[in-house]
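S.K.: Dropping a structure here in structure tokens format, bear with me for questions.
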Amino acid sequence: MAKRNMIVALHYSPTIESQSSTAPTSRFDAAIDLGIPGLVVDAAYAPVPLHALKPRTSSTDPNDLSAALELNLAPESTTYIVRAAIEEGDVDRVRAQPGVAGVFSDPYINPCVICPGSPPLGDHNDVEALLCTSKMHKCGMDGAGVLVAIVDTGVNLAYLNSKGKTPSFNAGWSWTLQPGTPGSMPVDHGTMCAFDVCIAAPKCTILDIALLRPAPSLAALLSDAVKAYAHLLNIMLLPRRIGEFRSMVVNNSWGMFHPSWDFPPGDPANYSDNPNHPFNIAVASLEVAGADILFAAGNCGADCPDMRCQGQTTNAIYGANGHPQVLCVAGVDTTKQRVGYSTIGPGRLTNKKPDISGYTHFAGSGVYAADGGTSAATPVVAGVVAATRSKRPYNPMDSTTFPAAIRSLVTSTAQDLGASGYDYKHGHGVVDGCELAKKFCKVWWLDICKVHRWICKGVFRWPELPGPRPLIRWFDIPEIPFKVPRVIRFGRAGAPGQDEDALIEKMIDELVQRSGVADPVQLGYILGVMHAQQMRLISRTGFGGTFSTETDDPPSGADRGGDCGCGSKD
């Protein structure tokens with residue numbers, strides 16, 4: 001009888017725990033003989049800790065979006081994943097041994113590369129326009145401060161730079177199973193994914209998680225993904241300083257392509273339909289720790305399925321690709337038409353999959369003729385999620401920043417396509433950066449006299465400054481617990497012949513003195529003359545006394561609400 005690659009979960013023991021590691025090339029030197037008949041583990045694969053999940057204490061707050069589960073980090077509750085080749089006839093016998101917590105399928109996983117032959121439709125500039133990236137970036141929705149893990153074949157930063165993409169890079173937190181240096185891997189599928197993330201999130205910080213083998217193989221074992229996810233979980237669990245946020249977006253443009261790679265549904269070893277498979281638990285654990293996880297829906301759509309699908313085009317969103325705690329991404333082209341190879345739901349683990357569609361099959365990175373497949377759609381959406389995280393970073397004390405809340409935000413703002421409401425071809429619709437920008441880039445024109453009435457009630461008398469009451473434009477900045485001014489207008493600065501600079505300095509000095517505030521951020525808020533993010537006085541323009549950081553002046557007259565001006569949807 002043939003041997004099969006298997007994932008074996010072992011119960012805690014001090015010996016196994018002492019040898020556990022998430023380092024990609026770590027070994028299991030005690031792998032010797034565990035005294036389990038029929039089990040000879042792979043010594044090249046050190047035990048990987050898989051923490052247990054336990055129910056979270058529910059809140060009475062109806063607005064609490066907290067996850068139902070939380071991590072149990074107690075050592076005695078942790079199981080340890082090892083890899084072994086087991087005779088199919090011995091699987092049940094190994095599973096029954098006292099030290100074994102479970103035996104599971106370890107199928108190969110492949111990237112969701114595109115179907116050949118179809119030319120690109122549009123390019124990355126079209127995708128930028130469709131997502132309103134100029135509006136997003138203008139108000140700080142650009143991925144700054146957000147980790148984006150590209151779990152793929154590896155990333156080549158020099159190539160990205162040559163294409164105008166200059167994200168930050170964290171080499172220390174990167175991880176590679178393949179030969180090479182993180183960030184300098186061969187130009188391949190993973191570099192395409194990184195380029196597509198940078199369309200919406202050009203200032204993100206890339207983590208190179210080189211899991212898949214480079215061309216021509218491109219494959220890996222699911223047990224390798226378990227180890228990669230354990231590494232990412234360790235990053236999310238690192239201590240934080242008070243007030244420090246750590247947001248992580250995880251892009252997975254890969255999956256299993258056919259049920260024959262797995263054990264059948266109902267078998268305890270099954271992956272595709274089994275939420276208790278170690279990798280599905282690893283995905284749930286990383287999401288509970290605060291990471292936003294995206295998976296490609298796959299390329300098994302009935303119109304032009306990938307040959308690896310072997311004709312299986314129904315119920316073809318397998319395992320973690322359809323996990324309830326991830327965003328599963330389908331593909332549409334730049335005309336918002338579904339691409340024929342995009343896998344149609346339902347999902348195996350969750351019925352309503354895919355969740356959302358992303359743009360694909362456009363000329364972009366140059367790695368391929370087209371950045372295509374759900375492989376490209378997924379990082380396009382991942383970039384939008386990272387851009388959103390720049391404005392709403394993950395905070396373990398704030399349930400509105402939890403991954404579930406971000407998934408809800410992204411799907412609720414999607415532009416509906418196909419049948420009205422949710423459908424299995426498009427999910428909730430195509431990701432809509434324009435709508436997200438409207439939510440996070442709102443501005444208001446407010447009368448400063450309504451905010452600080454003392455300014456307009458004779459506390460400061462400025463006969464030199466006749467004219468309209470001051471106007472101010474306010475912005476929400478996540479790090480500051482109040483609105484911050486960006487534009488202020490004082491009206492006419494003075495009579496002809498007066499020294500404008502001296503008059504303005506006199507006004508500022510008295511406001512500073514009367515405010516009694518020393519902190520520059522609070523001072524900028526009270527005075528309305530300092531850009532709080534950059535900690536500097538905003539520019540002075542013209543004798544009219546206008547203080548501004550922007551070129552557009554507020555409308556004359558009364559206050560009004562506003563938005564980012566993204567334009568209407570198609």
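The values are calculated or read from the model by the stated rules, or taken from the named source; none is laboratory data. Quick caveat, the model's predicted, so the values are computed rather than measured. FYI the Cβ positions are ideal-geometry reconstructions off the backbone, even for glycines, and counts take in every protein chain you see. Remember, those area values only see protein heavy atoms, side chains included, never the ligands or the DNA or RNA. Shrake-Rupley method; radii C 1.70, N 1.55, O 1.52, S 1.80 Å.
S.K.: Give me, ordered by chain and number, the residues 5 or more places off PHE169 or on other chains with an amide H under 5 Å from its own placed amide H.
M.R.: The list, which skips near neighbours in sequence, is ILE206.
S.K.: Now a separate question. Strictly over 18 Å apart at the Cα level, which of LYS138/LYS438; LYS352/LYS391; LYS135/LYS203; LYS336/LYS438 would you flag in this model?
M.R.: Violating the 18 Å limit, Cα to Cα: LYS352/LYS391; LYS336/LYS438.
S.K.: Counting Lys and Arg as +1 and Asp and Glu as -1, what is the net charge of the other residues whose Cβ lies under 13 Å from the Cβ of GLY122?
M.R.: -4
S.K.: With r defined as the distance between the Cβ atoms of ILE242 and SER412 and R0 fixed at 35 Å, what FRET efficiency is calculated, to the nearest 0.05?
M.R.: After rounding, the FRET efficiency stands at 0.65.
S.K.: So, for the stretch 280-341, what is the accessible surface per residue at a probe of 1.4 Å, expressed in square angstrom?
M.R.: That works out to 25 Å² for each residue.
S.K.: Something else about it: Once phi is turned into ³J(HN,Hα) by the Karplus curve 6.51 cos²θ - 1.76 cosθ + 1.60 with θ = phi - 60°, what whole-Hz value does each residue of the stretch 386-402 show in order, with x for glycine and proline?
M.R.: In residue order, the calculated couplings are 5, 4, 5, 5, 4, 9, 10, x, 5, 10, x, 9, 10, 5, 6, 9, 5 Hz.
S.K.: In whole Å, what three semi-axes, largest first, describe the equivalent ellipsoid of the stretch 87-145 built from its Cα gyration tensor (square root of 5 times each eigenvalue)?
M.R.: Semi-axes from the Cα gyration tensor: 49, 22, 6 Å.
S.K.: So what does the Cα-only Debye profile of the stretch 292-380 read at q = 0.17 Å⁻¹, as log10 I(q)/I(0), no solvent term?
M.R.: Normalising to I(0) and taking log10 leaves -0.62.
S.K.: Here is a further query. Hey, what do the phi angles of the stretch 180-194 turn into as Karplus ³J(HN,Hα) couplings, whole Hz, using 6.51/-1.76/1.60 and θ = phi - 60°, x for Gly and Pro?
M.R.: For the stretch 180-194, the Karplus-derived couplings read x, 10, x, x, 10, 6, x, 5, 7, 3, x, 5, 4, 4, 5 Hz, x marking Gly and Pro.
S.K.: What is the percent carbon and sulfur in the accessible area of the stretch 233-283, measuring with a 1.4 Å probe over the protein chains and ignoring ligands? Numbers along the way, then the final one.
M.R.: On the way: 1190 of 1950 Å².
It is 61 percent, rounded to a whole number.
S.K.: Let me ask something additional. For THR411, THR388, give the ranking by accessible area with the largest first, probe 1.4 Å.
M.R.: Sorted descending by solvent-accessible area, the residues read THR411, THR388.
S.K.: Between SER134 and ALA52, what's the calculated FRET efficiency when r is the beta-carbon distance and R0 is 30 Å? Round to 0.05.
M.R.: 0.05
S.K.: Continuing with this model, one more query. Could you derive backbone 3J(HN,Hα) for the stretch 309-324 from the dihedral phi with the Karplus parameters 6.51, -1.76 and 1.60 (θ = phi - 60°), listing whole Hz in sequence and x where the residue is Gly or Pro?
M.R.: Karplus-based 3J(HN,Hα) across the stretch 309-324 equals 6, 6, x, 7, 10, 10, 6, 10, 9, 9, x, 4, 4, x, 5, x Hz.
S.K.: Given H placed on each backbone N at 1.01 Å, which residues far from VAL146 in sequence or on other chains put an amide H within less than 5 Å of it?
M.R.: THR205
S.K.: Okay, next question. Can you give me the long-range amide H partners of LEU121? Hydrogens built in the peptide plane at 1.01 Å from N, cutoff under 5 Å, separation of 5 or more residues or another chain.
M.R.: Under 5 Å from the amide H of LEU121: PHE362, ALA363.
S.K.: For MET248, MET397, give me the order by solvent-accessible area with a 1.4 Å probe, most accessible first, ignoring ligands, DNA and RNA.
M.R.: So, going from the largest accessible area down, we get MET397, MET248.
S.K.: Counting only protein chains, not ligands or nucleic acids, how are ARG389, ARG83 ordered by accessible area (probe 1.4 Å), most first?
M.R.: Order by accessible area, largest first: ARG83, ARG389.
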